[in-house]
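The structure under discussion appears below in the form of structure tokens.
The values are calculated or read from the model by the stated rules, or taken from the named source; none is laboratory data. This structure is a prediction, so every number in the text was calculated from the model and none was measured. Note: ideal-geometry Cβ built from the backbone for every residue, glycine included; neighbour counts use all protein chains shown.
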Amino acid sequence: MAACIPNCRNPICLEPNQGQIINNSLFRFVKLCAPTLSKPALLNWVDEQISNTCEEYDDHDEIWSKIRGEAESDAQQEPILRDHYFSSILSHDSLESALANVLATKLSNSSLSRSTLFQIFFSVFVEDHEIRRAVRNDIKAVRERDPACLSHVHCFLYFKGFQACQAHRVAHKLWSQKRTAVAVLIQSRVSEVFGVDIHPGAKIGSGLVIDHATGVVIGETAVVGENVTILHNVTLGGTGKASGDRHPKIGDGVFIGAGSKVLGSIRIGEGSRIGAGSVVLKLVPPNTTAVGNPARLILGK
């Protein structure tokens, strides 16, 4: 059941497993980002963002609990990083708040304030259940499938592939709402900061691992399924078709090796593997390995 927690003005409806998404610590954070806003103005913004978002959730957010626990442990082991972990993780009451802060901090610049980006990211996270689910699945996937990932908090704070993907999820939501100016702005900043260029029109499933991430390009009409792994310098691109459906469709559980190019509106079947440096121009059946330039198929591998 959704819980309604009253504030000093009006009751505001919160989701229980969000750990009281908005409380005094978050107000302090937003106040820090936007010091010109009064407390009533902040409350008005908060009420607007979380209205009509009450749904049923488990009371315990396992991924967020692990992130906080690991942050506390790291801060104890390395006291010099205590302030960093506090501002990034421990001062927040939900994964959504912390993630919005991380993305806003990294993507802001002199003409695009952190407070503006925080409001954009946080409002989308709060209103979209599927994005919240995908964020957690992505963290879990990176921790389980990337042997270089030391912990959940390591992924959350330092893996630019994960961060680029979450920024894309917000951009895609805005794109679908016809807020294209904001969507392409986020795409541009992600490309500049992370070296990852995902068109906001691209559809990305959950459980995605973008390992190393540098040089990844995903086109507008591309579709990426669930539990896909993409390594660095991968292109899911077109072949020069001017418009329309022109990018690959990647099935569930596909692995795409470093430097691979998958071009055109072709299907890569579920469970398939694309070898490093391959150039794939034709359909790849499920559970098939494609290697080489041009790619040749090895069935059942």
Is it the case, given these coordinates, that ARG82 is in contact (Cβ under 8 Å) with a residue 12 or more places away in the chain, among the basic types (Lys, Arg) and either surrounded by 15 or more Cβ atoms within 10 Å (Cβ to Cβ) or part of a helix (DSSP H, G or I) (or both)? no
Residues of the range 222-250 being over 21 Å from the mean Cα position of the chain (by Cα) and free of Cβ contacts under 8 Å to residues at least 40 places away in the same chain, in sequence order, are GLY238, GLY240, LYS241, ALA242, SER243, GLY244, ASP245, ARG246
Quick one: ASP83 ticks every box in (1) under 27 Å from VAL209 (Cα atoms); (2) modelled with pLDDT of 95 or more; (3) among the charged types (D, E, K, R) except a single one, so which number is it? (1)
Among the residues of the range 177-202, write down those that are assigned to a loop (DSSP other than H, G, I, E, B) and β-branched (Val, Ile, Thr). VAL196
All positions within the range 130-186 that are more than 10 Å from the chain's Cα centre (by Cα), of a type in the set (Gly, Ala, Ser) and in the same structural domain as GLU70 (by TED's automatic domain parsing): ALA141, ALA148, SER151
Can you find, within the range 202-216, the residue that is farthest from ALA171 (Cα to Cα) among those that are surrounded by fewer than 19 Cβ atoms within 10 Å (Cβ to Cβ) and touching a Ser or Thr at 6+ places or on another chain (Cβ under 9 Å)? GLY215
Those residues of the range 203-251 which are of a type in the set (A, V, I, L, M) and in a loop (DSSP other than H, G, I, E, B) amount to LEU208, ALA213, VAL216, ALA222, VAL228, LEU231, VAL234, ALA242
Quick count over the range 107-134, residues being crowded, with 17+ Cβ neighbours inside 10 Å, closer than 27 Å to GLU62 by Cβ and touching a Ser or Thr at 6+ places or on another chain (Cβ under 8 Å), is 3
If you go through the range 190-210 one residue at a time, do you hit one that is without any contact (Cβ under 8 Å) to a residue 12 or more places away in the chain and either farther than 24 Å from GLU144 by Cβ or among the aromatic types (Phe, Trp, Tyr) (or both)? yes
